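Below is one structure, written out as structure tokens; the observations come after it.
Every read-out reported here was derived from the displayed coordinates using simple, explicitly stated rules and does not represent laboratory data. This is a predicted model, so every value here is computed, not measured. Note that each Cβ is placed from the backbone with ideal geometry, even for glycine, and that neighbours are counted across all protein chains shown.
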Amino acid sequence: MAAKLKKGDKVVMLTGKDKGKEGTISSIDPKAGKAVVEGLNIAIRATRQSQESQGGRIPKAMPIALSNLALLDANGKATRVGFKMDGDNKVRYAKTTGDVI
């Protein structure tokens with residue numbers, strides 16, 4: 001199945017403690033159906049001190065289910081993603097505006 005959301009996309013969170021906040025996808029795991037978004041779903045993780053890094057409580061972005069994210073269109077509103085053929089290429093487009101992503 002083609003990926004509706006990809007690394008680097010601007011998204012908005014639809015549910016959870018960060019509902020309504022925006023961020024950029026930094027990594028994605030299509031097999032698990034989850035993505036890590038910069039600045040969203042932050043959890044505090046305790047790490048042990050090592051020679052390279054200082055130990056302590058470090059904030060870390062945790063994975064979010066793809067169903068809880070929506071792509072932002074050109075107007076800055078949440079949109080669903082569709083696919084269409086543009087010549088010989090299959091492209092993603094925003095369903096609200098019809099613009100190719």
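Find out how many positive minus negative residues lie around GLY23, taking Lys and Arg as positive, Asp and Glu as negative, among other residues whose Cβ is under 11 Å from that of GLY23.
Cβ neighbours under 11 Å give a net charge of -2.
Going by how many other Cβ atoms sit within 10 Å of their own, how do GLU38, GLU22, GLU52 line up, fewest first?
By the 10 Å Cβ count, ascending: GLU52, GLU38, GLU22.
Per 10 Å bin, what is the whole-percent P(r) computed from every C-alpha pair distance within the chain?
Spelled out bin by bin, the chain gives 15, 39, 28, 12, 6, 1 percent.
Mind listing the long-range amide H neighbours of VAL37? Cut-off is under 5 Å, sequence gap 5 or more, other chains count too, H placed in the peptide plane at 1.01 Å from N.
Residues meeting the amide H criterion: SER26, ILE64.
Given springs between every Cα pair under 10 Å in a Gaussian network model of the chain, which of ASP86, ASP73, ASP29 has the largest fluctuation?
Of ASP86, ASP73, ASP29, the most mobile in the Gaussian network model is ASP86.
Rank the residues VAL11, VAL37, VAL81, VAL100 as a footprinting-exposure proxy: fewest other Cβ atoms within 10 Å of their Cβ go first.
VAL100, VAL81, VAL11, VAL37
Which distance in nm do the two modelled labels at THR24 and LYS60 give, with both placed 7 Å along the Cα-to-Cβ direction?
2.3 nm
When the chain is treated as a GNM, springs tying every alpha-carbon pair under 10 Å, which of SER53, SER67, SER26 comes out with the largest mean-square fluctuation?
SER53
Hey, for a label at ILE42 modelled as a point 7 Å past Cα toward Cβ, could you say which residues of the stretch 65-86 have their backbone N under 19 Å away?
Only 65 fall inside the zone, counting backbone N under 19 Å.
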